[in-house]
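Chemist: Below is the structure I would like to discuss, written out as structure tokens.
Here, each number is a calculation from the coordinates, and none is a lab measurement. Fair warning: this is a prediction, and the values are worked out from it, not measured in the lab. Counting neighbours? That spans all protein chains shown, and the Cβs are built from the backbone with ideal geometry, glycine included.
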Amino acid sequence: MPQRTFNSRTNLHRRLNEFKADLGISESQNTAWENFAKTCSAVAIALEGFEAEAAGCCREHLPTFPNALELEIRTLTARLAALRMVKAITRTLYSVLGSRQRERANRLLPALSGEIVGRGWSAHLQSVGRPHASALDKPGAGRQAGIAA
């Protein structure tokens, strides 16, 4: 897990630097950009820790369905709060960007979404062997996946 954390943080930092250059952030815009980048990094680190903690509870045994739902709710609540923080700081950044920079940012910045707010709890259930709901759509698929009717 630490290696994945290091790589994802390094990747986010690298991409933020690339986007800063691509957007042509000027010296007068640098404070808004730095606040944006720091917020995105802090949110990504916090959510990564939260998701690692949630996934850790499944290493020993899969949670009951009600507990899995509670973890999903907690994860989604944390992701929603993170999205609101990123939205607020993005508005601040956009307020100092020129129209061409905003157009470019509209094409570049959405690519960071997954790196900032993560994949969600259901991805962790898949990673520990619980099939995703779409894998259970076929008749009898639950029995094949080891899930009793």
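Chemist: At 7 Å along the Cα-to-beta-carbon direction for both residue 111 and residue 81, put a label point, then send me their distance in nm to one decimal.
Modeler: Here the modelled spin labels are 3.1 nm apart.
Chemist: Mind checking the full-extension length gain between residue 67 and residue 95? Use 0.36 nm per residue of separation minus the Cα-Cα distance, one decimal, nm.
Modeler: Full extension from residue 67 to residue 95 adds 5.9 nm.
Chemist: Report the full-extension gain for the segment residue 88 to residue 74: residue separation times 0.36 nm, less the Cα-Cα distance, to one decimal in nm.
Modeler: 2.9 nm
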